[in-house]
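The values are calculated or read from the model by the stated rules, or taken from the named source; none is laboratory data. Because the structure is a prediction, the values reported are computed rather than measured. Virtual Cβ from ideal backbone geometry, glycine too; neighbours counted across all protein chains shown. SASA here: full protein model, heavy atoms, side chains in, ligands and nucleic acids out. Shrake-Rupley method; radii C 1.70, N 1.55, O 1.52, S 1.80 Å.
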Amino acid sequence: MRIIARRILLDFAESRRRSADHAAVKAAISAWYAEAAKARWTSMADIKAAYATASVVTADRVVFNIKGNDYRLVAAVDFAHAIVFIKWIGAHKDYDKIDVRKVSYHG
């Protein structure tokens, strides 16, 4: 899959630099990115097979748990073109404040 807006992930990891879990967050984000980039998902069923804890929100939007569910990553997936669009990443507590169906990165 082609990942659009990797900068969102890198910026988020950098924003955690002063936190005790910075290294773990950075590693978890890097691992997710590497796995997603190698994936050949053709449906949400493929994503769920790889990530059983992922939450399917709509036909094209999914939420991944990052670092043991401490963080959430919202992505839109264009299966026809094999593209994953990063929409949002943040702490689980902040996730509860967003509309996951509409959130979109504007950077």
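For Val77, neighbours were defined as the other residues whose beta-carbon sits under 13 Å from its Cβ, and their charges (Lys and Arg +1, Asp and Glu -1) total +2.
Per residue, how many Å² of accessible area does the chain show with a 1.4 Å probe? Let's see the in-between values first.
On the way: 6070 Å² over 107 residues.
Each residue of the chain exposes 57 Å² on average to a 1.4 Å probe.
Computed from point charges on the beta carbon alone (+1 for Lys and Arg, -1 for Asp and Glu), the dipole magnitude for region 1-87 about its Cα centre is near 200 Debye. Pairs of lysines in the chain whose Cα atoms sit within less than 15 Å of one another amount to 4, provided the residues are eight or more positions apart or on different chains.
May I ask you to give the percent of accessible area on the chain that is carbon plus sulfur, with a probe radius of 1.4 Å?
On the way: 3190 of 6070 Å².
Here it works out to 53 percent.
For volume of the Cα convex hull per residue in Å³, computed directly from the structure shown, the correct entry in (1) 150; (2) 94; (3) 82 is (2).
Between Ser15, Ser55, Ser43, the residue with the greatest mean-square fluctuation in the GNM of the chain (Cα pairs under 10 Å linked by springs) is Ser15. Model label sites at Lys97 and Ala82, defined 7 Å from Cα along the beta-carbon direction, differ in position by 3.8 nm. The angle separating the long axis of helix 22-38 from the principal Cα axis of greatest extent in the chain is about 20 degrees.
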